[in-house]
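The values are calculated or read from the model by the stated rules, or taken from the named source; none is laboratory data. In this text, all values refer to a predicted model and were calculated from it rather than measured experimentally. Here Cβ is always computed from backbone atoms with ideal geometry, including for glycine, and neighbour counts include all displayed protein chains. We work out accessible area using only protein heavy atoms, side chains counted, and drop any ligands, DNA or RNA first. Shrake-Rupley method; radii C 1.70, N 1.55, O 1.52, S 1.80 Å.
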Amino acid sequence: MPLLEITDMTVSYGRIEAIRDVSITVETGELVTLIGANGAGKTTTMRAVSGVRPLARGRIVFDGQDVTRMKPHLRVAAGIIQAPEGRGVFAGMTVMENLEMGCFARPFASKAEHDETVERVFTFFPRLLERRTQLGGTMSGGEQQMLAIGRALMARPRVLLLDEPSMGLAPMIIQQIFRIISEINAQGTTVLLVEQNAQQALSRSDRAYVLETGSVVRTGEGKALLADPAIKEAYLGVG
Ligand code: ATP
């Protein structure tokens, strides 16, 4: 049974169907990516999974439970954790305070579990440890992205939703962020990733879905899609 199973999902903004009959599955432990051009419906798909956009049609099942109509905070409690698009760190709070906010909706059972998770986050992001007393708003773009992902990890995601973590970052930082995402996944966290940076994302994904104007037009293993001439031409800027 997949950890996350989206079946024939349609999401509308008013009369406009942003995505139509989209079906996506994510198995436990996988890193699955959605790629697609601007406006293809990637963010809308993520919003529907986290519960901030209602479905017009279709179904979302998480760990065997129908969550289609479940409120966002209950999905968080169940372990569906999204690191916000555009980073969304609290500018006036320190790095440490930002991290603590991450477990607000999913409190730890014990201090030991809390400390262990903080330590884990600092292992992935040593920079956050160095900067733990710095205000979030004074960090660089890449550091803020690390903080946004670190904060999401504080909620112990059973599936981690990442919406364009490479957005607006310099190429070297993008490499670093993708390496860390791979590492987080390798250590057992299931990841659903939305990316415009198809090259990086596909090379690190178990599987990927290609969205075009609200529909899934292709799916396959990340590396297979990366090698596909049509994908190369459309998404990797080579013919
Ligand atoms: P991008 O990479 O630009 O964020 P995307 O693939 O994430 O693109 P979505 O943001 O999901 O695409 O948008 C899908 C479609 O829904 C687009 O046609 C967009 O114009 C439309 N849309 C998105 N948000 C809204 C909104 N709040 N109101 C009306 N239409 C919207």
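Here the range 118-198 is described by how far its Cα atoms reach on the three principal axes: 30, 27, 16 Å, from widest to narrowest.
Using only alpha carbons, the chain has a radius of gyration to Kirkwood radius ratio (Rg to Rh) of 0.96.
Report the normalised scattering of the range 155-239 as log10 I(q)/I(0) at q = 0.14, 0.17, 0.22 Å⁻¹, calculated by the Debye formula with identical scatterers on the alpha carbons. Summing over Cα pairs of the range 155-239 leads to -0.49, -0.73, -1.17. Heavy-atom accessible area for THR28, with the other protein chains in place and a 1.4 Å probe, reaches approximately 100 Å². Computed 3J(HN,Hα) for the range 171-185, one whole-Hz value per residue from the Karplus formula 6.51 cos²θ - 1.76 cosθ + 1.60 where θ = phi - 60°, is x, 5, 5, 4, 3, 5, 4, 5, 4, 5, 4, 4, 5, 4, 5, glycine and proline marked x. A Stokes-Einstein calculation at 4 °C with viscosity 1.567 mPa s, built on the Kirkwood radius of the range 46-187 over Cα pairs, returns a diffusion coefficient of 83 µm²/s.
Diffusion of the range 1-91 by Stokes-Einstein, at 37 °C in a medium of 0.692 mPa s and with Rh set to the Kirkwood radius over alpha-carbon pairs, works out to 239 µm²/s. Given a cut-off of 14 Å, what percent of all Cα-Cα pairs of the range 2-49 lie beyond it? Percent of Cα pairs beyond 14 Å in the range 2-49: 52.
Think of each Lys and Arg Cβ as +1 and each Asp and Glu Cβ as -1; about the Cα centre, that makes the dipole of the range 1-97 roughly 440 debye. Taking amide H atoms as placed 1.01 Å from N in the peptide plane, the amide H of ARG218 lies under 5 Å from those of VAL210, each 5 or more residues away in sequence or on another chain. From the P(r) of the range 87-154, could you give the percentage of C-alpha pairs in the tail past 16 Å? The answer is 37 percent, as a whole percent.
Each residue, GLU27 and ALA78, gets one label point 7 Å from its Cα in the Cβ direction; the gap between the two is 2.2 nm.
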